[in-house]
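S.K.: Submitted below is the structure of interest, expressed as structure tokens.
The values are calculated or read from the model by the stated rules, or taken from the named source; none is laboratory data. Please read these numbers as outputs of a predicted model, since none were measured by experiment. Counting neighbours? That spans all protein chains shown, and the Cβs are built from the backbone with ideal geometry, glycine included. SASA here: full protein model, heavy atoms, side chains in, ligands and nucleic acids out. Shrake-Rupley method; radii C 1.70, N 1.55, O 1.52, S 1.80 Å.
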Amino acid sequence: MSLVNLHQVHKYYGDHHVLKGIDLDINAGEVISIIGKSGSGKSTLLRCINGLEEYQQGGITLDGNEVTTEDIQVRRLALSVGMIFQNFNLFPHMTVGENIMLAPTIVLKKSKAEAADIAKAMLEKVGLAEKFDSYPEKLSGGQQQRVAIARALAMSPKVLLCDEITSALDPELVGEVLKVLEQLAKEGMTLILVTHEMNFARDVGSRVVFMHKGKVWEQGDSKTLLSDPQTDELKQFIGAVL
Amino acid sequence: MSLVNLHQVHKYYGDHHVLKGIDLDINAGEVISIIGKSGSGKSTLLRCINGLEEYQQGGITLDGNEVTTEDIQVRRLALSVGMIFQNFNLFPHMTVGENIMLAPTIVLKKSKAEAADIAKAMLEKVGLAEKFDSYPEKLSGGQQQRVAIARALAMSPKVLLCDEITSALDPELVGEVLKVLEQLAKEGMTLILVTHEMNFARDVGSRVVFMHKGKVWEQGDSKTLLSDPQTDELKQFIGAVL
Amino acid sequence: DVLDDIKERQTIRIAVPQDFPPFGSIGKDLQPQGIDVDMANYIAKEMGVKLKIVPVTSANRIPYLQTKKVDLVISSLGKNPEREKAIDFSTPYAPFFLGVFGDKKVMVDSISDLANKTVGVTRGSVEDLELEKNAPKSVNVRRFEDNNTTLTAYLSGQVSLIATGNLVATEIAKRQPNKAPEAKFMLKDSPCYIGMAEGEVALQTKVNELIQKALASGELNAISMKWLKAPLPKGFGA
Amino acid sequence: MLHFSDLLQYTDVFFSGLMTTVELTLLTTILGIALGTSCAATRQYGHPIGQRTVTVYVELIRNTPFIVQLFFIFFGLPSLGLKLSPWQASMIALTINLGAYSTEIIRAGLNSIPKGQIEAAKVLGMTFRQTLTRIIFTPAFEKIYPALTSQCIIVMLGSAVISQISVEDLTYAANLVQSRNFRAFESYLVTAFLYLGLAIALRFIFNQIGKRLFAYREAR
Amino acid sequence: MIQFSNYDIISNLLYATQWTILLSIAAFIGGTSVALLLTAARLTRNNVVQKCVHFYVELFQGTPLLMQMFLCFFGLSMLGYEISAWGAAILSLTLFTSAFLVEIWRGCIDTLPKGQWEASRCLGLSFLQTLRHIILPQAIRVAVAPTVGFSVQVIKGTALASIIGFVELTKVGTMLNNATFEPFKVFALVALIYFVLCYPLSLYSKYLEKKFHVSR
Ligand SMILES: Nc1ncnc2c1ncn2[C@@H]1O[C@H](COP(=O)(O)OP(=O)(O)OP(=O)(O)O)[C@@H](O)[C@H]1O
Ligand SMILES: Nc1ncnc2c1ncn2[C@@H]1O[C@H](COP(=O)(O)OP(=O)(O)OP(=O)(O)O)[C@@H](O)[C@H]1O
Ligand SMILES: [Mg+2]
Ligand SMILES: [Mg+2]
């Protein structure tokens, strides 16, 4: 059975029809890249998957459980879905270590010591072991984003949602974040990424989903789709970005 | 004689030594791309060239005149140097037309009619003739940046300084701005660009200047430098960005 | 001097209370009326100049005089040594007794009974100074800016004892019979004087002359009858 | 012309007035900010009825003069059977006043927290209460701390009015001295500078506390 | 004995409201005029002038309005300047209002992005031209809302003029209270009238603020 399943999902902002019947099946271990023009509904799609936004029609299941925006449901969901944002959203008044330990202690009720061990292990993973006691504002953008990844990983999620997580970074910092993602992909983590990094999508991703006007316009194996787009819209998009 | 000349320029912010002896010669008609990591001093260098920042040692001349930060001097400089910023800095309370006409009327003392003609011609050039009466906020980022270029061009500068002028734009809007720059380069305008667009630097630029730790670390013909970097630092930088 | 100024101006500025019935309080038209106002009218008429009424509070009436905002203070002003250092006084023009008044339920018969009691008083008034001088140290004196506030404090029940003039207390009794304060004991016999800036001898002489004249002609007595419903005490002003 | 020496014998009057002002200021600062915080949280995230109530309270207080509020509480409420000492009435009036203003200020702070912070907490599985206390409050207070400081000082200066209902604060001292020695200008001038000193001291203390509270800022 | 009917109370309060309004308008005009001068002085970027303005602001923001009134009223006369309660109230409210408005307006000028100054400079505009064409038009739009908002503080500030004996709304309130002994009713009415004066201004200020933010 698929890990994430979307079935005819429709989403409106008021009168604005943003998602127009999305069908999508994602299996454990897949690395999905969602691409598309600004406003095509990529972020909205991600946010529906983890209950940050309501949808009005259709259904989303995660690991067989229905996704809704009820508080309790969202909190239960948070145990299996991690999310990373474009602008990091680290908590500025906590050290890197405290940022990572917070949810394991107050949500998973782990002891401080245990949480600290997890935090250290996760920081190790993203290559920032020495930043445990630094405050976020002292880190570069790339480092902050890696901390955000570590923070999400500390909850040992089954899926990681990433919304343009390298767009706010200076170009020379993009690489270090992508490297971490690549490592995660290798370890078998299920990743759903909204991204403009075509090279990454092609080389690391298993599948590319092209969204256009609130629909999944075209999807398929990442290498073939990007080198041989079928629709004019995707051709044009690839032309503009590359 | 060179159009812009920098000789052993040193610049400090307090104790922070930001430019450490910059030597640079730029001839009329050249298209210079300045690249380098964040914090390497690229913006500072540009801002010294048009008198927005003071420097503490060395000398800068433009068309033979010394550059200082005195008010009168800067205003005289403004007649031959145009600058375009990352975040456009259009005047939000004026229409596109008024934005462009402002300096020609109150600085160059041209008549309204004459200034309007110039504004229209410049808007034509950047492909926005029909936006004369729009307010900036109604335009997309790419269009705003093109207006900013038109505004600078209306003063018929000898050099145009561009500080990462596409970094704040959505990827699909970058192309339209670069196309305008390319056109200007073809017409023989001297351009000094701080940029992360390596393809543009290679294809359109005549020379690339790589800055590192406040120094001009390496420079040369754009095609050869980017395909055959000499220093480790540049190699690493190119590796990270491309 | 001030007397010349008044003549030149053809106007005399006199400070009167507006919160101290029956000496001065406002009518429906917000204009002051009372003994002090009648007295002011009398002085102006006798001097043959126009009258400009300036409403004041007990706390600020002396500063008004010192800062030459007014020529005379006719504001139920009592005499004491501190004040005599700051301003000059005429002869008295109206009788006045100071006392402590209050709720029937509060048992107080003399100044020593005030120990550990709370008394409301208008700041800077003669009764304020009397209490400070003679009352036991343990008395809790609450000082309010003007008589308005002192009375309101009593009537709203914020204090159950106040130190004030006999006439003021009578006035309350007239207006709010159910809350009429009971006289507890007398603090001081303190007739009212007209105040003027220090060293204005000409003005002082003139004012004293006019008071004597009113006393002789029965004018003062008439004012007393009108507002106090009683003639002046025997030997007043002698 | 000026005789400041006449004030010397009243030093203890001024001092005790100053202490009353300081005492009331500190107390109302704490109570007022606590009131403002709960009202702001109610207004921002609470039940619609709670939100409406807070709005009415805030607008009523912000649009009427403090002295009228004070008179209303001290003189008006006893006719409803609620008798308060001048000190209590002042403390309540000042607290209610600061509460209303700080509600608006703190709400601006809550608003200034990027939505992303709240979402980040949400996707980590935190409850709303946890998010409020651990994620929102500290940065929100830091952002509005200067505004809050200024408001507390404004309330402290506004407290000069409570002398009108016989609270023996600093202004009361000035008035008392003035009614005894008739040196109005001198005693008011000295008092004005005492208030100025108090304002400066208060700002300094607030800054010091702020440095402690938001120590992580210093880590830069 | 005089009896005050509700009609008498209300008509007297409304009569006094005129004085409150008049005093507010006078103080507001005085305050904005002085604040304009001080803002202009501050923009000269002359160090000494800026220090002076700063001191002025500290002084009048750091002392109670009531003290300022006492000093204007009793203090100035003691120094030999004749001043009425009305004059003292206007003078002290002007000082108070201007000290706050200078700060508010400075904030408005400071919120404009530095890029606006730099872009103007790069186009060759002089300092005065930049002010006139770029900074002030934008700053004024930002400043309207908080300035209207502050006018509410001015109206409320006029209530203190009652303490130096100026007969306005609060003063008449206390006078009527003394004559009627109905503090609850009188002060509730007084508060209501202030609310009716101030609340529309508060609402208008909020509306302007919103409008400005939307059009940004
Ligand atoms: N909170 C919201 N309220 C109303 N409309 C919204 C909201 N969020 C997004 N939209 C609209 O929904 C559409 C899809 O937005 P979405 O953010 O999903 O696009 P996107 O593909 O992620 O674009 P981008 O690449 O710019 O992030 C857009 O037209 C946007 O204007
Ligand atoms: N106004 C300033 N005050 C103090 N330090 C500054 C200032 N502006 C820049 N710096 C410092 O000077 C150094 C060079 O900054 P500069 O903005 O020139 O770098 P840059 O190469 O343009 O970087 P970026 O790619 O991030 O724009 C940096 O270390 C920066 O922190
Ligand atoms: Mg998006
Ligand atoms: Mg830069």
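S.K.: Taking D:Ile92 and the conditions (1) without any contact (Cβ under 8 Å) to a residue 60 or more places away in the chain; (2) open to solvent by less than 10 Å² (accessible area, probe 1.4 Å), which numbered condition does it fall short on, given that it satisfies the others?
M.R.: Answer for D:Ile92: the failing condition is (2).
S.K.: Identify the single condition in (1) among the charged types (D, E, K, R); (2) crowded, with 22+ Cβ neighbours inside 10 Å; (3) within 30 Å of C:Asn140 (Cα to Cα) that D:Lys122 does not satisfy, given that it satisfies every other one.
M.R.: Here D:Lys122 meets the rest and fails (3).
S.K.: What about A:Val159, is it crowded, with 21+ Cβ neighbours inside 10 Å, away from ligand 3 (no atom under 16 Å from the Cβ) and within 12 Å of another protein chain (Cβ to nearest Cβ)?
M.R.: Yes: the conditions hold for A:Val159.
S.K.: I would also like to ask the following. Would you check if there is a residue in the stretch E:136-150 being at pLDDT below 95, in contact with a helix residue (DSSP H, G or I) (Cβ under 7 Å, 6 or more places away or on another chain), within 13 Å of chain B (Cβ to nearest Cβ) and open to solvent by less than 10 Å² (accessible area, probe 1.4 Å)?
M.R.: Looking for residues that are at pLDDT below 95, in contact with a helix residue (DSSP H, G or I) (Cβ under 7 Å, 6 or more places away or on another chain), within 13 Å of chain B (Cβ to nearest Cβ) and open to solvent by less than 10 Å² (accessible area, probe 1.4 Å), one finds at least one in the stretch E:136-150, hence yes.
S.K.: While we're here: Return the pairs, sorted by first residue and then second, in which the second residue is open to solvent by 20 Å² or more (accessible area, probe 1.4 Å), the first residue lies in the stretch D:107-119 and is more than 14 Å from chain A (Cβ to nearest Cβ), the beta carbons are less than 7 Å apart, and the residues are 6+ apart or on different chains.
M.R.: Within 7 Å, the pairs are D:Arg107/D:Arg43; D:Arg107/D:Gln44; D:Leu110/D:Gln44.
S.K.: To continue, here is another question. Of the residues in the stretch C:6-48, how many are modelled with pLDDT under 90, of a type in the set (Asp, Glu) and surrounded by fewer than 16 Cβ atoms within 10 Å (Cβ to Cβ)?
M.R.: 1
S.K.: Looking at the stretch B:55-71, which of the residues that are in contact with a Ser or Thr (Cβ under 9 Å, 6 or more places away or on another chain) and exposed (fewer than 13 other Cβ atoms within 10 Å of the Cβ) is modelled with the lowest pLDDT?
M.R.: B:Asp71
S.K.: Would you call A:Ser33 at negative phi, within 16 Å of ligand 3 (Cβ to nearest atom), in a helix (DSSP H, G or I) and touching a strand residue (DSSP E or B) at 6+ places or on another chain (Cβ under 9 Å)?
M.R.: no
S.K.: For the list (1) closer than 24 Å to E:Ile163 by Cβ; (2) open to solvent by 10 Å² or more (accessible area, probe 1.4 Å), I need the number of the one condition that D:Leu24 fails.
M.R.: It fails just one condition, (2).
S.K.: Another question, if that's okay. Please pick out the residue among C:Gly199, C:Gly157, C:Gly237 that is over 21 Å from D:Ser179 (Cβ atoms), free of Cβ contacts under 8 Å to residues at least 40 places away in the same chain and not in a helix (DSSP H, G or I).
M.R.: Only one candidate passes the filter, namely C:Gly157.
S.K.: Same structure, new question: Which of the following residues is surrounded by fewer than 23 Cβ atoms within 10 Å (Cβ to Cβ) and closer than 30 Å to B:Ile165 by Cβ: E:Leu59, E:Leu76, E:Leu91, E:Leu112?
M.R.: E:Leu112
S.K.: Next question. Only residues that are in contact (Cβ under 8 Å) with a residue 60 or more places away in the chain, open to solvent by less than 80 Å² (accessible area, probe 1.4 Å) and either touching a Cys at 6+ places or on another chain (Cβ under 9 Å) or under 21 Å from B:Leu6 (Cα atoms) (or both): list them for the stretch B:200-218, please.
M.R.: B:Gly205, B:Ser206, B:Arg207, B:Val208, B:Val209, B:Phe210, B:Met211, B:His212, B:Gly214, B:Val216
S.K.: Taking the stretch A:158-194, which residues are touching a residue at least 60 places away in the same chain (Cβ under 8 Å) and over 23 Å from D:Lys122 (Cβ atoms)?
M.R.: Correct list: A:Ala185, A:Gly188.
S.K.: Here is a follow-up. Which pairs turn up if I take residues in the stretch E:52-81 that are at the interface with chain C (Cβ under 9 Å from one of its Cβ atoms) and look for partners that are outside any helix (DSSP H, G or I) with beta carbon separation below 7 Å, at least 6 apart in sequence or on another chain?
M.R.: So the pair list comes out as E:Phe73/E:Ile83; E:Phe74/C:Thr67; E:Leu76/E:Ile83; E:Ser77/C:Thr67; E:Ser77/C:Lys68; E:Ser77/C:Lys69; E:Ser77/E:Ile83; E:Met78/C:Thr67.
S.K.: Hey, another quick one. In the stretch D:171-220, which residues are facing another protein chain (nearest Cβ under 9 Å) and of a type in the set (Asp, Glu)?
M.R.: D:Glu186
S.K.: A further question on this structure: Any chance you could count how many residues in the stretch B:30-43 are farther than 23 Å from E:Trp117 by Cβ and either away from ligand 2 (no atom under 14 Å from the Cβ) or crowded, with 20+ Cβ neighbours inside 10 Å (or both)?
M.R.: Going through the stretch B:30-43 one residue at a time, the tally reaches 9.
S.K.: Name the residue, out of A:Glu197, A:Glu164, that is within 16 Å of ligand 3 (Cβ to nearest atom), within 11 Å of another protein chain (Cβ to nearest Cβ) and surrounded by 22 or more Cβ atoms within 10 Å (Cβ to Cβ).
M.R.: Being within 16 Å of ligand 3 (Cβ to nearest atom), within 11 Å of another protein chain (Cβ to nearest Cβ) and surrounded by 22 or more Cβ atoms within 10 Å (Cβ to Cβ) holds for just one of A:Glu197, A:Glu164, which is A:Glu197.
S.K.: Go through the stretch E:63-111 and report how many residues are modelled with pLDDT of 95 or more and not in a helix (DSSP H, G or I).
M.R.: 2
S.K.: Go through the residues of the stretch A:107-127 one by one and say whether even a single one is facing chain D (nearest Cβ under 9 Å) and open to solvent by 10 Å² or more (accessible area, probe 1.4 Å).
M.R.: yes
S.K.: May I ask you to list the residues in the stretch B:35-53 that are more than 14 Å from chain A (Cβ to nearest Cβ) and in contact with a helix residue (DSSP H, G or I) (Cβ under 8 Å, 6 or more places away or on another chain)?
M.R.: Of everything in the stretch B:35-53, those that are more than 14 Å from chain A (Cβ to nearest Cβ) and in contact with a helix residue (DSSP H, G or I) (Cβ under 8 Å, 6 or more places away or on another chain) turn out to be B:Asn50, B:Gly51, B:Leu52, B:Glu53.
S.K.: Moving to a separate point now. If the requirement is being assigned to a helix (DSSP H, G or I), away from ligand 3 (no atom under 16 Å from the Cβ) and open to solvent by less than 20 Å² (accessible area, probe 1.4 Å), which of these qualifies: B:Leu6, B:Leu90, B:Leu46, B:Leu19?
M.R.: Criteria check complete, one pass: B:Leu46.
S.K.: Could you tell me which of the residues B:Asn89, B:Asn99 is within 14 Å of chain E (Cβ to nearest Cβ) and within 16 Å of ligand 2 (Cβ to nearest atom)?
M.R.: Checking each option against the conditions leaves just B:Asn89.
S.K.: Follow-up question, since we're still on this one. Can you find a residue in the stretch A:170-181 that is away from ligand 4 (no atom under 16 Å from the Cβ), crowded, with 16+ Cβ neighbours inside 10 Å, more than 11 Å from chain B (Cβ to nearest Cβ) and closer than 30 Å to A:Gly58 by Cβ?
M.R.: Yes.
S.K.: Further, regarding this structure: Taking the stretch A:21-38, which residues are away from ligand 1 (no atom under 12 Å from the Cβ) and of a type outside the set (Val, Ile, Thr)?
M.R.: A:Gly21, A:Asp23, A:Leu24, A:Asp25, A:Asn27, A:Ala28, A:Gly29, A:Glu30, A:Ser33 - these are the residues of the stretch A:21-38 that are away from ligand 1 (no atom under 12 Å from the Cβ) and of a type outside the set (Val, Ile, Thr).
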